[in-house]
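Structure first, then comments.
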Amino acid sequence: MAVELNKEIINSRMKVIHDSWAKAGKNDDYSAIADVDAIFLAAGEDEPVRKGTAFQTWLLGYEFPSTFILFQKDKVSILCSATKAKILEQLQRHRTVVPVEIFTLAKSKDPPTDALPRFLSGFTSNQRIGCLNKETYSGKLIDEWNNALSASDNKPEMVDIASSISTFMAVKDDEELATTRIAANLTVTLLTHYVAVKLETILDRETKISHEQFATQIEARLGSGEGESAKGPDTKVWGKGRGINDVDWLSTEFCYSPIIQSRSSAGGYDLKPTAESSSDDMSHKGVFLVSLGLRYKGYCANLGRTFIVDPDKEQESVYNLLLNLQAEVLQRMKDGAVARDLYQQALSYVKKHKPDLEKNFVKNIGFGMGMEFRDSTYLISPKNGRQLKANMVFCLSLGFQDLEDQEHKRYALQINDTVKIGQDKGICITEGVKSTKDTLFYLTRDDSEEEKTAQKPPTKTNGNASPMKNKTAGGKVLRNKTRSAAQEEAIQSISAKISEHQKELHRQLQEQGLAKYSEEGDGANGKEGKSWKKFQSYKGEIGLPKEVEGLRIFVDRKAQTVILPIHGFAVPFHINTIKNVSKNDEGDFTYLRVNFQTPGQLAGKKEDTPFEDPDATFIRSITYRSTDGHRFDLLSKQITDLKKEVNKREQQKKELADVIEQDVLVEMKGRRPHKLPEVFVRPAPDGKRLPGEVEIHQNGLRYQSPLGTQKIDILFSNVKHLFFQPCDHELLVILHIHLKAPIMIGKKKTYDVQFFREASDVQFDETGNRKRKYRYGDEDEIEMEQQERKRRQMLNKEFKAFSEKVAEAAVNSTGDALEPDIPFRELSFEGVPFRTNVRLQPTTECLVHLSDPPFLVVTLADIEIASLERVQFGLKQFDLVFVFKDFTKAPLHINSIPSLQLDDVKNWLDSVDIPIAEGPVNLNWGPIMKTINDSPYDFFRGGGWTFLGGTGDESEQDEESETESEFEAESAQSSIVTSSNEGGSDFDGSNASDDEGSGSDFDDDSEGEDWDELERKAAKSDKKRAEEGDDSDGSDRPNRPKKRVPTKSKPKPKPAANGKGKR
C-alpha cells in the first residue's frame, strides 16, 4: 500500500517552523535559532526514539531512517534514498510554504550520483547551522557524510538547538491531542482492568512472583510471540476500556517496560523514570509502586500509582497529602504558568501541611511529553523559567522518597499522571485507580494480635456496586488470614458496620457544616434576602392617559396601572401594589373596595414581602360608591384580570430565569459527523412523531427531524451527566443527557433530553408461512426469541458505542471528564418520586429514573443527608427524603418504598457515603428548611442534623433493650403505628396495627416461659399453618394475646408520633 503523506499538516508545521524562526529573539523560547542560517536534522539507521527522530515523525508523520533535512530561509532540502524520494515527492507537487528540494541517493547496485556533494555544498554555504549536537547517529549514510564533511574546506559552526526543537513540538494541535488521549485511555484501561486486579490477586493469594515476571505479564497484554505462536492484544482487558474502539494495535507500544517495585526490590524504591523491575520476588506487604507508559502513533502517556498493604496512620496521611497536592497543582497548571513557580508552590504546600517532609520531596515534579517521552526542556524544576502554554502535555510526577515506616523500613510514595494544560487549569487525562478506596489494602488480624489497625477515614466511593463483605470505608480488605478472624467476621453484622460508618459520616457532616458557615455567621447561606422592587407606572403627568381627565377610575393595561381619583387628583397605582379588589351591593349603591399590599398582613407566602420603609404610613384599602353597578362589575373584572395576567407573567419569568441561551453549535468540517439514526427524542418537538438522527459536532450534539424542519442543539459545555440505559428487561434503549442549566425545546423548559429507540419488533407473522409445512412445535417461537435477543444486543452495542463517542467528543471539547453512566438494575428499588410508582436505579454518580417522563436525575454529590421516614415495625412501606447541600432547594420526597428493600437502600446509601437518618413519622420539611436557611450557622451550632436521629450514637444506649423480648418491641412499635395513623398520615398503615403480637392487653405479672418452650411452640405453629396452606400475612389474622418472656425490668414505652399512645 502506497504511503500517503498528510500534506496539509506538514505544510502547517513547516509554517510554524519558519514563522517562529523569523520572529525568534534572544530572550524567548526560540533564542537558540535566533542567529542561525540553517537548521540541520539527521537520522541514522535503527535509531531509538530521541528528539531528532521524534521531530522528524512530528513533521512528516512517519519516521524516515537515513534521511537528512536542511531547513533554510528560502527552501527545505532533503537527502534520502530513491524509495523515500518517491514518497517525499508528494511535497514537491503540493504548494508548501517554501519549496522542497529532494536529493536522491543511488541504489546500492547503481553508480553513485552527485546528490551527496550537492547537498554538502548547500550545507557548507552557511556560516552557523543549528543541530542536535548531543545526539549521535550510526549507519552507512552517516559514515559517508562524516567523511565528506571532514574533507570539505568550508566547515560551518554547529549550534545546539535542542530547546527550540522542543518548543516546536510542545503545543499540540487537535489531532495530536486526540492521539494523546487515546494513549492515555489505553494506559488507564491497562491499569484499571489488569494491573490493579492482578496485583490484588497476587497479594490476596500471596503468589510467589518476581517484579520482572509481573512486568512481563503486563507487557504481554499488547501481544506476545512471533510467527504461528504469536498472540494478539488481550481483548478481555482492552474490551473494557473507554474511547479505544478503533485502535490501531500495530501503532501501540510501551514507552518503557512497566516498573514494579516493592519493599523487597534489591535497589530499594526509585522514583526516576529510568528505574527497572528487579528479578527479586515481590513482597506481600508494604508499599508497591507501579509505573506504566504507552505510546500510540508516536505520542506518549504515562501514569504511576502507589498501592499500600496494611498502611499505618502516617502512610495514609502522606498519601492523602499527595492527592490534595496534585489537586492543588492541577489548578495552577494553566496557560502562562512558569515551571519554577509551579515547583515552588508545590514545595510551599508541603511545607505548610507537613514541614518535616520537605527534605523527602522530589527534586522536580514533572516534564513535557509528546513524541518524546521525557522532554527535559520543559522540566518542572526550581531552575526552569519556561512558560507553560495551552494544549501542552506534561507528566505531573509528585512523590516523597526515603520515608520510614513504623517498622523502620524505607519506602516511597508517588502519583504520576498525564496532564493537558488548559486556559484556566490543568486537565488530568489519566484518571483512575487513585483514591484511597482503590489503593489501600487492609489485612484482618487475629484476635491474639495487638490491635494496631488504624481508623479508616471514609472516602467517596463510586456507588457502582452493593456493599460487599469485607468492604471498609477507606480501602480494600484482603482475604482473612486466620480462622478466628473469619469467625469474627461472620459474627459481625452488616448493620454494625453501617452504624460505625454512619457515625463517622455524621461527624464529618457536622464539622463541615460548622466550617462552611462559621465565617458567614448568621448569613442566610451566602444568599441575598428579598429586596424591595420599585415599580414606575409613568415618568410624569404627561404620560397619564387622556381618560383620567374625567376623574373616573381607569384601568391602563398597557402601563399595568389602576388610576384612582382621590380628592380631585388622578392617582396611579401599579397593579403590584394592589392585593385584590372586592365588590358588593348594598341597596341602590355598589361598593368597590381596593385592598393594597401593606406590611403586617398574614398573607401566607406574602408574609415576608419586603417594603422600602416598613415604618411609613400605609393605606390598607380604599372604597368607592356608585349607583352604576354595571361599571363597577366591569372595573372589578378588569383589575382582577390584570392582576392575574401580571402574576402569570411574573411566574413565567421566574420559571425561565435559569434558562440559558446556548452558544452557537460549531458544525463538524472536513469529515462527516458521527450519527445515530432512527431515534426518537423526549421531550418531543411539536408536530408528527417521526424518528430523526443525532449528530456529534465539534462542541455539541444536534438532533434533526427527518424533514430537517426541527432541530435541537445541546452543547457539551452544558452537559452535566450522560447516561446509557440498555434495553435488557426494558422496552427502550436510551441515551439520556442531563443538563447543567435548562434549555427551551419548543415552549417547554427542560433539564433532560433523551434519545431512544424501541427495542421490540412489532412486525411479525401470526398467520404462518411456508416454514409451517416443515416445522412442528416451538421452532418459530424459539427463532423469534433468538432474533429478539440478537436485535437487543445490536441495539445495546450501537447506543453504547455512540455514547462513548459523545463522551470522547465532550472531553476533547471542554476538557472536563465525562463518561457514560449505566444504571445498575440489580441495585434498583421501587418508589413514588412524583405521582406514579416507578423503578429507581442507582448509577455511579446519580439516582435515576429514565424509562418514562417525568424523568428523575439526582446527583449524589449534591445530597447533604438522606432521611428515612415511616420506618416502623409492621408498616409495609417507608419514605425517603433527600436534603440537598443547597438548602434553598426543596427536599426531594420518594414515597412508598417497600419495607422489604429497606436494608438494600441503607446499604446503597452507606456505600456511597451519604449520611442516613431514620424516624418513625413524616416530617414537615417546609418549616425545617426555612429555619435552617434563616441561620445555617446557628443550626449547625445547635447540633445540626442530630435532631433527626440515625447518627449511630443511640446504638450503645439500646444495647440492653436489644436483649429484651421481641414481643415487647412489637407491642411498643404497634402503639407508634396506631398513633401515627390517628395523626392523619397520608399512607395507609392500618393493617400494621392488626399484626399478630401487637396486642397490649396481657398481664405484666403473668408467668413467662423460657426460650426453648417458645421456639418449640413457634415451630409447631408454623408446621400446622403450612399444612393448612395458610400463606396469608399477619394483617389478615385476628389479634391473639401472647405471653411475654420474663425480663429484668419493665419495657419503657416509646413516645408516639402525636403525643398520644394507645391505651
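The values are calculated or read from the model by the stated rules, or taken from the named source; none is laboratory data. What you see is a predicted model; the values in this text were computed from it and never measured. Cβ coordinates were reconstructed from backbone atoms using ideal geometry, including for glycine residues, and neighbour counts include every protein chain displayed. Calculation scope for accessible area: heavy atoms of the full protein, side chains included, ligands and nucleic acids excluded. Shrake-Rupley method; radii C 1.70, N 1.55, O 1.52, S 1.80 Å.
Here are some notes:
- Test: residue in region 78-101 that is aliphatic (A, V, I, L, M) and part of a loop (DSSP other than H, G, I, E, B): yes
- The set of residues in region 835-853 that are open to solvent by 20 Å² or more (accessible area, probe 1.4 Å), within 22 Å of PHE755 (Cα to Cα) and part of a loop (DSSP other than H, G, I, E, B) comprises THR844, GLU845, SER851, ASP852, PRO853.
- When residues of region 900-928 are limited to those that are of a type outside the set (S, T, N, Q), under 28 Å from the mean Cα position of the chain (by Cα) and part of a helix (DSSP H, G or I), the one surrounded by the fewest Cβ atoms within 10 Å (Cβ to Cβ): ASP903
- When residues of region 598-656 are limited to those that are hydroxyl-bearing (Ser, Thr, Tyr) and either surrounded by 13 or more Cβ atoms within 10 Å (Cβ to Cβ) or at pLDDT below 75 (or both), the one farthest from THR577 (Cα to Cα): SER626
- When LEU149, LEU177 are screened for being surrounded by fewer than 22 Cβ atoms within 10 Å (Cβ to Cβ), closer than 25 Å to TYR30 by Cβ and out of contact with any Asp or Glu (no Cβ under 7 Å at 6 or more places or on another chain), only LEU177 passes.
- Failed item, numbered, when GLY874 is tested on (1) touching a residue at least 60 places away in the same chain (Cβ under 8 Å); (2) surrounded by fewer than 19 Cβ atoms within 10 Å (Cβ to Cβ): (2)
- Candidate set: region 831-860, residues that are farther than 21 Å from TRP925 by Cβ and of a type in the set (A, V, I, L, M, F, W, C); chosen: the one nearest to the chain's Cα centre (by Cα): CYS846
- Qualifying positions in region 721-740 - under 19 Å from LYS790 (Cα atoms) and β-branched (Val, Ile, Thr): VAL733, ILE734
- Residues satisfying the stated conditions in region 215-260, i.e. in contact with a Ser or Thr (Cβ under 6 Å, 6 or more places away or on another chain) and on the phi > 0 side of the Ramachandran plot: none
- Filtered residue count, region 691-730, keeping only those that are open to solvent by 30 Å² or more (accessible area, probe 1.4 Å) and free of Cβ contacts under 8 Å to residues at least 40 places away in the same chain: 8
- Cross-chain or 6+ apart pairs with Cβ under 7 Å, region 112-135 first and more than 15 Å from ILE102 (Cβ to Cβ), then among the hydrophobic types (A, V, I, L, M, F, W, C) and open to solvent by 80 Å² or more (accessible area, probe 1.4 Å): none
- From the list LEU41, LEU5, the lone residue that is outside any loop (DSSP other than H, G, I, E, B) and under 25 Å from LEU116 (Cβ atoms) is LEU41.
- Some residue of region 112-125 being of a type in the set (Gly, Ala, Ser), modelled with pLDDT under 90 and either within 20 Å of GLY52 (Cα to Cα) or in a loop (DSSP other than H, G, I, E, B) (or both): no
- Qualifying residue in region 126-136 (condition: in contact with a Pro (Cβ under 7 Å, 6 or more places away or on another chain), surrounded by 16 or more Cβ atoms within 10 Å (Cβ to Cβ) and within 30 Å of GLY368 (Cβ to Cβ)): yes
- All positions within region 195-233 that are of a type in the set (Lys, Arg), modelled with pLDDT of 90 or more and more than 35 Å from the chain's Cα centre (by Cα): LYS208
- In this structure, TYR538 does not satisfy being modelled with pLDDT of 85 or more and either more than 49 Å from the chain's Cα centre (by Cα) or open to solvent by less than 70 Å² (accessible area, probe 1.4 Å) (or both).
- Residue selected from region 256-269 under the condition open to solvent by 40 Å² or more (accessible area, probe 1.4 Å) and free of Cβ contacts under 8 Å to residues at least 60 places away in the same chain, by the criterion nearest to the chain's Cα centre (by Cα): SER257
- The single residue among ALA34, ALA54, ALA24, ALA43 that is under 18 Å from GLU101 (Cα atoms), in contact with an Asp or Glu (Cβ under 9 Å, 6 or more places away or on another chain) and of a type in the set (Gly, Ala, Ser) turns out to be ALA43.
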